[in-house]
Amino acid sequence: MKIPIYQVDAFTGRLFAGNPAAVCPLEKWLDDATMQNIGAENNLSETAFFVKKDDHFDLRWFTPAVEINLCGHATLASAYVLFNHLGYREKAIRFQTKSGELRAEKSGDLISLDFPATRPAPIPEPTGLTEALGKKPVATFKSRDIMALFENESDIQTMKPDFMKLKEFDAHAIIITAPGSQSDFVSRFFAPRLGIDEDPVTGSAHTTLIPFWSEKLGKKKLHAIQLSKRTGELFCEYLGNRVLMSGRAVTYMVGDLILQIE
């Protein structure tokens, strides 16, 4: 069985930056174990699979270890593949996912993702978080993830977390964030429980970051940078119950998977 595969760097306008995602368009679903094995074999933070159905696409995402219910950069990569490689001519794409309907719309070289907002709630600092991160946060919050707020961009840039300690926290992942020096805010994202010590650029984290910083800064439109080694850039807007995340993408690789399935 031959399956096309595309590797796309998302939330960046240049190769070897942003967050790489694999995208596999399917005519029909593979079994879950095979898709998980492909995710593990690719060893990227996410591999996306989609199947066309009526007027939309069903979309799923796999890390090297588990299937997840929301992923921004692999959704952006999937939309980019449809717009730039598979001849999709409509302005907007509808994806049906485990997090409901997600929309992707093309405008010039940007693709905008329409995702549900997840506002964080203040929580007491979880025991051991300062030790795991190596620096005490100003405040801590919780949505799907634990979010730790710091004073400035340098705190985020120089953070050297202990991933074994972070793995012990009962949370999907850990977000660290601070005001930016050349953007409205910066962040990093650690998900060792999902098999990803640090994710280069994380759209799903921004469903929490955008409402938080919009309210904190008193503005609806925001410019965000994720300060991983690869670095990613997002142009954001807070819409109340939804957020818009816009970014660029570039193709790194096009090929075929050769599967021998009995």
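The values are calculated or read from the model by the stated rules, or taken from the named source; none is laboratory data. Quick caveat, the model's predicted, so the values are computed rather than measured. Cβ: placed from backbone, ideal geometry, glycine included. Neighbour counts: every protein chain shown.
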Is it the case that some residue within the stretch 104-121 is over 18 Å from the mean Cα position of the chain (by Cα), within 16 Å of residue 147 (Cβ to Cβ) and not in a helix (DSSP H, G or I)? yes
Considering each residue of the stretch 20-41, count those that are of a type in the set (S, T, N, Q) and either free of Cβ contacts under 8 Å to residues at least 24 places away in the same chain or under 22 Å from residue 94 (Cα atoms) (or both), and give that number. 1
Being among the polar types (S, T, N, Q) and either farther than 17 Å from residue 203 by Cβ or assigned by TED's automatic domain parsing to the domain that holds residue 215 (or both): is that true of residue 37 here? yes
Of the conditions (1) surrounded by fewer than 19 Cβ atoms within 10 Å (Cβ to Cβ); (2) not in a strand (DSSP E or B), the single one that residue 207 does not satisfy is (1)
Starting from the stretch 211-226, keep only residues that are under 16 Å from residue 244 (Cβ atoms) and free of Cβ contacts under 8 Å to residues at least 24 places away in the same chain, then list their pairs with residues that are of a type in the set (S, T, N, Q) and not in a strand (DSSP E or B) whose Cβ atoms are within a distance under 9 Å, requiring at least 6 positions of separation or different chains. 220/214; 221/214
Among 131, 125, 41, 101, which is the only one that is within 20 Å of residue 208 (Cα to Cα) and not in a loop (DSSP other than H, G, I, E, B)? 101
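Is there a residue in the stretch 120-130 that is on the phi > 0 side of the Ramachandran plot, in contact (Cβ under 8 Å) with a residue 40 or more places away in the chain and not assigned by TED's automatic domain parsing to the domain that holds residue 68? Before the answer, list the steps.
Quick first cut of the stretch 120-130, residues on the phi > 0 side of the Ramachandran plot only: 128.
Those still in the list that are in contact (Cβ under 8 Å) with a residue 40 or more places away in the chain too: 128.
Within this subset, residues satisfying the condition of being not assigned by TED's automatic domain parsing to the domain that holds residue 68 are 128.
Checked against the condition, which is being on the phi > 0 side of the Ramachandran plot, in contact (Cβ under 8 Å) with a residue 40 or more places away in the chain and not assigned by TED's automatic domain parsing to the domain that holds residue 68, the stretch 120-130 yields at least one hit.
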Kindly establish whether residue 111 is surrounded by fewer than 19 Cβ atoms within 10 Å (Cβ to Cβ) and under 26 Å from residue 180 (Cβ atoms). no
Report whether or not residue 148 is part of a strand (DSSP E or B) and either in the same structural domain as residue 208 (by TED's automatic domain parsing) or farther than 29 Å from residue 247 by Cβ (or both). yes
Only one residue in 91, 2 is in contact with a strand residue (DSSP E or B) (Cβ under 9 Å, 6 or more places away or on another chain), over 26 Å from residue 194 (Cβ atoms) and free of Cβ contacts under 8 Å to residues at least 24 places away in the same chain, so which one is that? 91
Would you be able to tell me the number of residues in the stretch 53-64 that are touching a Leu at 6+ places or on another chain (Cβ under 9 Å), assigned to a strand (DSSP E or B) and either outside the structural domain of residue 8 (by TED's automatic domain parsing) or not aliphatic (A, V, I, L, M) (or both)? 2
The listed residue being of a type in the set (A, V, I, L, M, F, W, C) and over 20 Å from the mean Cα position of the chain (by Cα), out of 227, 133: 133
